[in-house]
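Engineer: One structure follows; several queries about it will come next.
The values are calculated or read from the model by the stated rules, or taken from the named source; none is laboratory data. What you see is a predicted model; the values in this text were computed from it and never measured. Quick reminder, even Gly has a Cβ in these numbers, built from the backbone with ideal geometry, and neighbours come from all protein chains shown. To get the accessible areas, we keep the full protein, side chains included, count just its heavy atoms, and leave off ligands, DNA and RNA. Shrake-Rupley method; radii C 1.70, N 1.55, O 1.52, S 1.80 Å.
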Amino acid sequence: MTKGTTSFGKRHNKTHTLCRRCGKSSYHIQKKTCSACGYPAAKSRSYNWGEKAKRRKTTGTGRMRHMKSMTRRFKNGFREGTQAKKQTKN
């Protein structure tokens with residue numbers, strides 16, 4: 001047996017499948033853990049030595065459905081259910 005081309009031809013089993021948390025094909029079937037996000041661990045996997053990886057996953061890289069409106073709502077003191085007063089010309 002050689003350790004190169006012929007051995008690589010025998011590889012046809014998948015070690016990783018899709019992760020239900022991050023969606024990447026990084027969920028190890030035997031270990032039952034994701035190599036990208038660390039699922040099923042409660043905290044998402046990130047390291048300080050992977051600065052670029054953190055940048056890709058951080059807040060602001062997605063839709064920010066909730067956070068998008070927070071600055072405006074904070075500025076107005078999180079008021080709800082009120083109508084703006086009519087402005088009259090002086």
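Engineer: Can you tell me how many residues within segment 6-21 are assigned to a loop (DSSP other than H, G, I, E, B), of a type outside the set (D, E, K, R) and touching a Phe, Trp or Tyr at 6+ places or on another chain (Cβ under 7 Å)?
Structural biologist: Within segment 6-21, residues that are assigned to a loop (DSSP other than H, G, I, E, B), of a type outside the set (D, E, K, R) and touching a Phe, Trp or Tyr at 6+ places or on another chain (Cβ under 7 Å) number 2.
Engineer: Taking Ala53 as the residue in question, decide whether it is loosely packed, with under 10 Cβ neighbours inside 10 Å and either among the hydrophobic types (A, V, I, L, M, F, W, C) or modelled with pLDDT of 95 or more (or both).
Structural biologist: no
Engineer: Here is a follow-up. Do you know which residues across segment 6-41 are open to solvent by less than 100 Å² (accessible area, probe 1.4 Å) and among the hydrophobic types (A, V, I, L, M, F, W, C)?
Structural biologist: Within segment 6-41, Cys19, Cys22, Ile29, Cys34, Ala36, Cys37, Ala41 qualify.
Engineer: Assess whether Lys3 counts as being exposed (fewer than 10 other Cβ atoms within 10 Å of the Cβ), of a type outside the set (Gly, Ala, Ser), at pLDDT below 95 and part of a loop (DSSP other than H, G, I, E, B).
Structural biologist: For Lys3, the condition - exposed (fewer than 10 other Cβ atoms within 10 Å of the Cβ), of a type outside the set (Gly, Ala, Ser), at pLDDT below 95 and part of a loop (DSSP other than H, G, I, E, B) - is met.
Engineer: Answer with yes or no whether Met70 is surrounded by 10 or more Cβ atoms within 10 Å (Cβ to Cβ) and assigned to a helix (DSSP H, G or I).
Structural biologist: Here the answer is yes, as Met70 does meet what is asked.
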